[in-house]
Each structure stands twice: as structure tokens, then as C-alpha cells.
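A short reminder: the numbers here are calculations on the coordinates, not readings from a lab. Because the structure is a prediction, the values reported are computed rather than measured. Using ideal geometry, Cβ is built from the backbone for each residue, glycine included, and neighbour counts are taken over all protein chains shown.
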């Protein structure tokens, strides 16, 4: 997994061929020290400025997943080999996120809900909806893809969760390598977001949001992002965090609905599963956010 503890920002300016002044700022991280992160950021900013001075145009920023995500590391969950099995980070929205080295999470977003007349068949039984229906058949189609993949791979099992915007699958029967071709094919077969597929490959980890999105709890987005550039900004964020945590306890992030395929739980998966289900309040019956 690629999560760095130290982050720093550096700025640089360049003069374009037409005389314009171009300003740039770059963040870079390090696992060694803040000084090392600062040096990397300064070198990156100077490199970008030098290229812009020649071309006269700013270079594009890196795409989502191309470099380590700039998130605060809140907690590490250990593994038997001494390295972290999972890392809990806080994303730019202020939500806690579970990042796992080998425990598979698949999020499948669906169109906005418009209840149909009936889900029908095994899907209705799976979801326990008694014919309540799905998002114009999108949820049914997603679960059919999952069922087809499981039938083609005997011995594989998933826990199925409902989220506010779709479905989440947790692979329970074994472990997966995030950057492998087989894992990428599985994610694509299950209808996973292509950006998430790329992120898993680049970060060498899987990812699942643990706490509700703030605007779904009646809270604005945080006023500052990690790392906070001043004591005042950090204090403003801490005040925001207190309000967010007080209101988010009224909601769950996902709800467990069933198991598809094999029912056994792999030894490496079991502690992650328990942590995930407790943190997301899967059994609480609360509204999803």
C-alpha cells in the first residue's frame, strides 16, 4: 500500500515566452521525514515551472491514482507478517476510509433510485425486499453479474451490502492482489468504476468508505484539508470534525443484506470484516448516508 505520513507543499514561478508570469504549487509526500517531503515538493515545483517556461503553458496535474493519495493516516491494522493489513485514512471530504492490502472491496454505483414494481426472483430474496424493486433494474443487473461470476468460480464468496448510492461487495473466501491482471478483470466484470480499478492498481490497495458523507448528514464540507497549512486552519477543521462526528452517528454507511457464494470467511479477511461492519454500522438499521 502507498500511504505516506509526511506531506509538504512548495511553490515556484516561471516566465512564459510571451512574458506572462506563471505560478505553480506542488504537494509531495515521504515516509522518511517532513524535510524529505519538502525537498521533493520543491524539486517537483521547480521542474513544473521549468517545463512551463519553455512551453508557455501549465502542465497537467497527475490523474487520480497516479501518485499516493494525500490523506491523513488515522490508524493501522496489523497483519501476521509485520506489515499493515489495512490503513484507515481521512479523505478530502473528512470521511474515514479503510484501505486494505489484500482484502477485496468492490463498490458499484447505480443510477439514482427509482423504484420499479418488483425485483423478482432470487434477487428479491437476496435483498430481503419482498418485491420492493430496484433502480430501474440496474441493481438487479449488478447482482446478476455478481451471481454469474460466483457461479463461474466455485468456492468464492462475497458479502453484499447496500450503500446510499449502490452496492458494496466484500470478498470473504480469500485474498486478492490489487495490482494483478486477474483482480482487474474481476473488478471490471462486476461493473466497478474504472477510476477505482486504476486506483487499486496504482495504490496497491482496495478502498471502502467507513463513515457517512458530510452533506448527507447536514454538514458542509470541511474548511481545510490535510495537511493543514496553518494552526488556524487546523483548528477550524477540528471544530468541523466535532460537528461532523456528532451528526454522523445518526447514520450508517452501508447495510449488510446477504452472502453470495461460499459462506466461509478467510482468516485474513475475518478481522477486517469485523472492523468494517462495526465502523460502518451495517446492522444498525440507520438511514444510509
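Find the relative contact order for the chain and round it to a whole percent, using C-alpha pairs within less than 8 Å whose residues are 6+ positions apart.
Values: 580 pairs, mean separation 53.3, N = 289.
Taking the mean separation of contacting Cα pairs over the length of the chain, I get 18 percent.
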Subject >> Ordering of 201-208, 182-189, 265-272 by packing [mean C-beta count within 10 Å, highest first] >> reply: 201-208, 265-272, 182-189
Subject >> Cα long-axis angle, helix 34-55 against the chain (0 to 90 degrees, to the nearest 10) >> reply: 70 degrees
**OP:** Report the residue, chosen from 111, 222, 214, that carries the largest GNM mean-square fluctuation when the chain is represented by alpha-carbon nodes joined by springs under 10 Å.
**Re:** 111
Original post:
Expressed as an acute angle from 0 to 90° and rounded to the nearest 10, what is the orientation of the C-alpha long axis of helix 194-203 relative to the principal long axis of the chain?
Top reply: 60 degrees
**OP:** Compare 176, 237, 24 in a GNM of the chain, Cα atoms joined below 10 Å, and give the one with the largest fluctuation.
**Re:** 24
**OP:** Normalise the Cα radius of gyration of the stretch 72-288 by 2.2 N^0.38 Å (N = residues in it) and let me know the number.
**Re:** 1.05
Original post:
Which FRET efficiency value, to the nearest 0.05, is calculated for residue 284 and residue 204 with the Förster distance at 41 angstrom and r the Cβ-Cβ distance?
Top reply: 0.80
Original post:
Against the longest alpha carbon principal axis of the chain, how many degrees, from 0 to 90 and to the nearest 10, is the axis of helix 231-248 turned?
Top reply: 10 degrees
